Amino acid sequence: MQGRKNFTPQLFYELSLDRLVPMDNFYRKISFELNFQFLYSSTKKYYGTEGHQSIDPVVFFKILLVGYLNNINSDRALLRFCSNCLDVRLFLGYDLDEELPWHSTISRTRGLLGEDVFLQLFRQILSLCIEKGMVRGKRQAVDSAFIKANASMDSLVEKEVLDDASAFVNELEENSEYKVTTTRKKLVNQHHSWKEEAYKGMPGNTKSERKDEDGNLIRPKYLSNHTHYSPTDPDAKISVKPGKARHLNYSGQVSVDDAHHVITGACGSTSGSKDSAIFNEIMDQTLANFKENHLQPDEILADAGYSSGESLSYCQKRGINAYIPNFGQYKSHREGFVFSQAENRYECTKEGGNNAFLPFKKEAIDSKGYTKKVYRSSEKDCGKCPLREGLWESYEI
């Protein structure tokens, strides 16, 4: 016989939230393992002694933890989720008939508390993972990922173009000991005029008059951080991955232990920054996190985006073996030259040459932002080199 369930809500219930949640529930295990009480002393300096009571700091961080574990990045959606889940209510300490905080309270509290409080909680959880044997500490893998900003591509506006180039030249002249001639002013003004005309024809210029059949302005196909920005979130940058649409993003840097894939360090940056420029920052935090637990990583794994002289020098000074592929322009050796690490110089060993030395001169930044060492010989040593004369003859031919 087919069964059919009839439901009639009761007016009164005799039950408890604690009895409804199983004893082996995941959030019960978190409450048992992790003590949040230290957050009261850590956040005390952010609150006064009078006025209305704020949201409980422990409740606030528990709500954020629930959002992270369930990949919920909207405060509204997060509060709806917490309200509908019995185990989460028990985890937060809110009974069935209690109303949870408003989503705006979560947003304001997030902006109130400093970064050191979030980092302290992170290190507390990391210490528990180390105690449980989940972190080996020997080898760390570092990588980055885009974090979508809470801003729309439709909010992009064009950056201002210099309208009065002559005023700019006059300002430079007033602050310079060398006076700009009238002819030079004309040349500078003409240069800026050409620049503006070229800029108007660049892809991504929203000042074009192209419109669709409904009279709406046609959005450009390509947008650049050099020409556009978002006034609602100026720190967000336009970025794209192969096969995906362009978005306004941030960049999240994460270091992960290779034993059980536990995150050991995390920091944020703009998506326009090279990974190699943020390497020192993510490593500083990771090493500090390990130092509190008396650990020291021996090896670092990263992709070619982290390849730079600064990154390798950072690891060398701290006795860390870095497994980072070299970027495309890197050359492991120069044919016809031998490097002496003790003297920090190259020696020309080409047949027929003068065996000149090329000592270290300076560090220079190339067009792509990489720092490179410059080794150069003197005119005295290479001015009359037979090889140099042959090069000039072949050049003239």
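The values are calculated or read from the model by the stated rules, or taken from the named source; none is laboratory data. Since the structure is predicted, the reported quantities are computational estimates derived from the model, not experimental observations. Because the Cβ atoms are built from the backbone with ideal geometry, glycine has one as well, and the counts that use them run over all protein chains shown.
Observations on the model:
- Scanning region 338-349 for residues that are part of a strand (DSSP E or B) and in contact (Cβ under 8 Å) with a residue 12 or more places away in the chain yields a count of 3.
- Answer residue from region 236-264, given it is farther than 17 Å from LEU223 by Cβ and among the small types (Gly, Ala, Ser) and is farthest from the chain's Cα centre (by Cα) among those: ALA259
- Checking PHE36, PHE60 one by one, the residue that is outside any loop (DSSP other than H, G, I, E, B) and under 24 Å from PHE118 (Cβ atoms) is PHE60 and no other.
- Residue check, PHE290 farther than 26 Å from GLU363 by Cβ and aromatic (Phe, Trp, Tyr): yes
- Taken residue by residue, region 75-93 has no member that is outside any helix (DSSP H, G or I) and more than 22 Å from ASP24 (Cα to Cα).
- Qualifying position, being surrounded by 10 or more Cβ atoms within 10 Å (Cβ to Cβ) and either under 28 Å from ALA149 (Cβ atoms) or not assigned by TED's automatic domain parsing to the domain that holds CYS267 (or both), among PHE12, PHE26, PHE32: PHE26
Here's the yes/no breakdown for (1) surrounded by fewer than 12 Cβ atoms within 10 Å (Cβ to Cβ); (2) touching a helix residue (DSSP H, G or I) at 6+ places or on another chain (Cβ under 6 Å); (3) among the basic types (Lys, Arg); (4) not in a loop (DSSP other than H, G, I, E, B):
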position	(1), (2), (3), (4)
THR286	no, no, no, yes
HIS294	yes, no, no, no
PRO325	no, yes, no, no
GLU335	yes, no, no, no
GLU351	yes, no, no, no
LYS373	yes, no, yes, yes
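- Remark: pairs (first residue in region 142-158, closer than 13 Å to LEU248 by Cβ; second residue among the aliphatic types (A, V, I, L, M) and modelled with pLDDT of 85 or more; Cβ separation under 7 Å; 6+ apart in sequence or on different chains) = ALA149/ALA236; ALA149/LEU248; ALA151/ALA236; ALA151/LEU248; MET153/LEU248.
- Among the residues making up region 237-280, those that are under 19 Å from GLU115 (Cβ atoms), among the small types (Gly, Ala, Ser) and at pLDDT 80 or above are SER251, GLY252, SER255, GLY265, ALA266, GLY268, SER269.
- Residues being of a type in the set (Lys, Arg) and either within 23 Å of ASN280 (Cβ to Cβ) or modelled with pLDDT of 85 or more (or both) - total across region 298-354: 3
- A single entry from ASP275, ASP258 fulfils the requirement of being closer than 28 Å to LYS372 by Cβ and among the acidic types (Asp, Glu): ASP275.
- Among the residues listed as PHE60, PHE38, PHE91, the single one being closer than 25 Å to ALA266 by Cα and crowded, with 19+ Cβ neighbours inside 10 Å: PHE60
Table: residues versus (1) under 20 Å from the mean Cα position of the chain (by Cα); (2) assigned to a loop (DSSP other than H, G, I, E, B); (3) under 30 Å from ARG80 (Cβ atoms).
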| position | (1), (2), (3) |
| --- | --- |
| ILE106 | no, no, yes |
| PHE118 | yes, no, yes |
| ILE130 | no, no, no |
| GLY137 | no, yes, no |
| SER144 | yes, no, no |
| ALA151 | yes, yes, yes |
